[in-house]
Amino acid sequence: MASVAGRYQFKIVLLGEGCVGKTSLVLRYCQDKFNDKHLTTLQASYLTKKLNIDGKRVGLSIWDTAGQERFHALGPIYYRDSNGAILVYDITDEDSFQKVKNWVKELRKILGDDICLCIVGNKIDLERDRHVDGAEAEAYAKSVGAKHLLASAKLNKGVDELFLELAKAMVTAQDASASNGQSSGRRGASSRKRGVEIVDEQPAGQPKKGCC
Amino acid sequence: LSSETVNTKVGSFTPAKARYASHFYLQDPKYKGACYTGMWLSGKPHGHGKLVWASTAQTYEGEFRNGLYNGFGRMIFVLNASAGVAEEYKGEWKDGMMHGQGEMSYSDKQVYIGHWMHNVRHGHGVLRMGTMTSPTPSIFTGNWDNDKRSGFGVMDDIMRGEKYMGMWDNDARSGNGLIVTLDGIYNEGRFSLNKLMGQGILLCHDNTKFEGDFCGDAQVNGKGVLTMPNGDRIEGTFQGQWNEGLKINGLYFKGTGPEENSAVAFPDRAVSTHSPYYIPATKKWRSVFNECRDRLGCLGNDEPDLKKAWKSVAEDLVRAPVAKTMHQEREIIDDILKGVDLDQAKKIAKDKKKLQEYLIKAFSLPCHPLGRLLETLVDVYRATYVGMGAHSRLLPHAVEEIKSYIERVYAIIRILFPSLPNEDFVHVGDSNEADGQSEGGGLDSNTLLGPLIFPRFYPPLFTLYALHNEKNDSAYWERVLQLNKRTDLALMSYLEVKRTFWLASEETNGLVYEADLTDWKHTHYYGKAVDAFQQISTKFSPMEKISVLKETFHRIHKEVQDFWKGEEKIVSLDDLFPVFQFVVIRSRVHHLGSEIDFIEDLMEAKYRAGEQGHMFTTLKACYYQILNEN
């Protein structure tokens, strides 16, 4: 995604097993509605949100994915060209954390460091049923260069924070790649041009994240 | 001629300046021996007239200006009066010469239809070469320079069963080019003196590939690498005609098995057209566009002049032979002429709907420069990609070509409507609007022209997609037929659709396990969504297909809502995906893989990251899920 004159547009993909509550998190975030029967939007599988981070306008488009194991192989279709990924596990479900690890491995393998990762332990309202060790999860996230946050969609805890953290990380990453491009003179020009061309055509591999 | 120039005064001794008369030329170097009957002005043929040489029966009938052929006229050139050998030209003349659009029937049965300059073929033109014995002629479609084939052109050689598309020089194939044959061979390389010489690539239908030196079409001579479909390869020196056995002196390498068939998995459909012998689409059919610019009064690199352009359009429309124009078209012409005043042109350009209406009219009239342009483009596209050109390896070329048409037609339309945004500079900012809000707002070449242009090129283009996806599409079709043997409820159960969204009452739910229901095929559930989705193959532009998709999702939600009276809703993709899969399976869209690739290649980039992009991604995911899941 490209950004222009202080504007950023990011694609975030939402990954996690079926019942970890990833959709609730986004709904909570975008509409501040949790488990509400009177949703205004028809579907929550694609949502957008506009943010302002230190005067920078940031647009997020959040892509839900089908979390069932049988759809695992469809992941790449959804996360291609993503700037960020939110990987949700349920703190009461050790298995869901293992699934997150699988996703991380796959994302790093295919998209490399071009994607900002945010691992989220959901359902902290059920702290006493916790089955995933907090410190362990934290250490794991650190080891793969991901952020780790805890949240509860139900209590609306940590939801805004997690999206804000991820958005900041993506802005930083994009600024870094932009300034890299500029400092090296000619290459900057050519990569800017490439950024433009990506808009027009199917990027062959994974594009270097837009520098302009 | 205006009436003032004609002398109508009775009793005047001076002859009228303009009049109708006959004259027999005795001395004139050009017209000696001919009899002219027609309009005169100041002692010269001027206006409509007919010139006949009595000795040979050579005849010109048409328009004159200052004594010269000028305007539309028909000439019968008599080459040999006694043997009755003659050629006939019908078309435009300028200052006594064939100039502009014209059709020539030669004495050897060849027919040329195209552009002329100073009495020779020059610009875009089509030459049909038929002999008395062959009912299907060979056809050259392409560029001419001073009566010789030159620049890009397509030669459909029916006798030899092959089609060449590539560069020409001095009437011979010369430069980058490729040949496709009836046997499905694709041979690409550099041509010189009409022959494929030096490095080139030859690909067979079964993916056998030879890369190396050639000394003629499919004639191998020298170093090369031969790769078999299973990945085995031979490197060495090769000699011989491809179809008649090759003499090989080389090394054999066992391959690592057939290349991973990534087509079924997740193909990154960035097709690489860029072999070293590739000709960019912008280099093709340049004269077609230039001639349209000329028609609009911008000769060469002249800056477009709005007034001149609209005046030319009006002239072209008025000049259109009434006899050929049907009554209805006549009305359209009048409509368009009314719209010619320049303020109106500016107003039209501001209103997307009006502009599209105008363009639909213009494109439908062969006498309108835009209509003519589009008609010619459809002709050249068909000349390239129909028949032997319906070759799956030509798909990337065909896709790139249509994208280029849209850009270039848009540039021409900007001559008539200069207030349309200039797209020579890419607006990075625009592509930022990923949230779909830009939808319908800004006008750009694709939104404006997509719905008008795609339908005309759809049949040949989609055929290429279908050929390209033959394997996947038939595998998909088999899966779909198999899945469709289940009843609605059995299928939903199989797809793990959440019970809530079966939209079936409790009693019905029990029936799903009863075997005798298996032949109950009628679709009850999500029927409206199924109806909506089936429309995808009846739409011809990527955005219209995406709209079908949007409507499908909309109807799924509507049916859930109607059933549950708002108590339940599909919110997450976890729930939506299986339901959507159900709808797609029930819709039985035959070439879904081709539809998907079509959208993928031609959808506008700005929608990819937006809601439409997400919907399309879900469709793609669904297709692969159906294809790959057992």
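Brief remarks follow.
- Residue match in region A:96-106 (condition: in a strand (DSSP E or B) and either modelled with pLDDT of 95 or more or open to solvent by 10 Å² or more (accessible area, probe 1.4 Å) (or both)): no
- If the condition is being at the interface with chain A (Cβ under 7 Å from one of its Cβ atoms) and outside any loop (DSSP other than H, G, I, E, B), then region B:571-599 contributes B:LEU573, B:ASP574, B:LEU576, B:PHE577.
- Pairs where the first residue, in region B:50-76, is touching a residue at least 24 places away in the same chain (Cβ under 8 Å) and the second is acidic (Asp, Glu) and surrounded by fewer than 17 Cβ atoms within 10 Å (Cβ to Cβ), C-beta under 7 Å, 6+ apart: B:LEU68/B:ASP95; B:ASN70/B:ASP95
- Residue match in region B:405-422 (condition: within 30 Å of B:ILE185 (Cβ to Cβ), of a type outside the set (Val, Ile, Thr), assigned to a helix (DSSP H, G or I) and at pLDDT 90 or above): yes
- Summed over region A:155-171, the residues that are outside any helix (DSSP H, G or I) and buried (at least 17 other Cβ atoms within 10 Å of the Cβ) give a count of 1.
- Failed item, numbered, when B:LEU602 is tested on (1) crowded, with 22+ Cβ neighbours inside 10 Å; (2) within 13 Å of chain A (Cβ to nearest Cβ): (1)
- Test: B:GLU568 is touching a residue at least 12 places away in the same chain (Cβ under 8 Å) and assigned to a helix (DSSP H, G or I): no
- Lone unmet requirement of (1) open to solvent by 40 Å² or more (accessible area, probe 1.4 Å); (2) outside the structural domain of B:GLN344 (by the TED database); (3) out of contact with any helix residue (DSSP H, G or I) (no Cβ under 6 Å at 6 or more places or on another chain) for B:VAL318: (2)
- Scope region A:135-154; condition modelled with pLDDT under 90 and surrounded by fewer than 16 Cβ atoms within 10 Å (Cβ to Cβ); matching residues: none
- Search result, residues across region B:539-558 that are within 21 Å of B:ILE453 (Cα to Cα) and either open to solvent by 30 Å² or more (accessible area, probe 1.4 Å) or of a type in the set (Val, Ile, Thr) (or both): B:LYS539, B:PHE540, B:MET543, B:GLU544, B:ILE546, B:SER547, B:VAL548
- Evaluated against (1) under 30 Å from B:VAL78 (Cβ atoms); (2) in a loop (DSSP other than H, G, I, E, B), B:ASP183 falls short on exactly one condition, (1).
- Screening region B:605-622 for residues that are aliphatic (A, V, I, L, M) and either within 8 Å of chain A (Cβ to nearest Cβ) or open to solvent by 10 Å² or more (accessible area, probe 1.4 Å) (or both) and picking the one that is farthest from A:GLN68 (Cα to Cα) gives B:ALA605.
- Sole exception among (1) surrounded by fewer than 20 Cβ atoms within 10 Å (Cβ to Cβ); (2) more than 9 Å from chain A (Cβ to nearest Cβ) for B:GLN561, by number: (2)
The values are calculated or read from the model by the stated rules, or taken from the named source; none is laboratory data. Note that the structure is a prediction, hence the values are computed from the model and not measured. Virtual Cβ from ideal backbone geometry, glycine too; neighbours counted across all protein chains shown. Heavy atoms of the whole protein, side chains included, go into the accessibility calculation; ligands, DNA and RNA do not. Shrake-Rupley method; radii C 1.70, N 1.55, O 1.52, S 1.80 Å.
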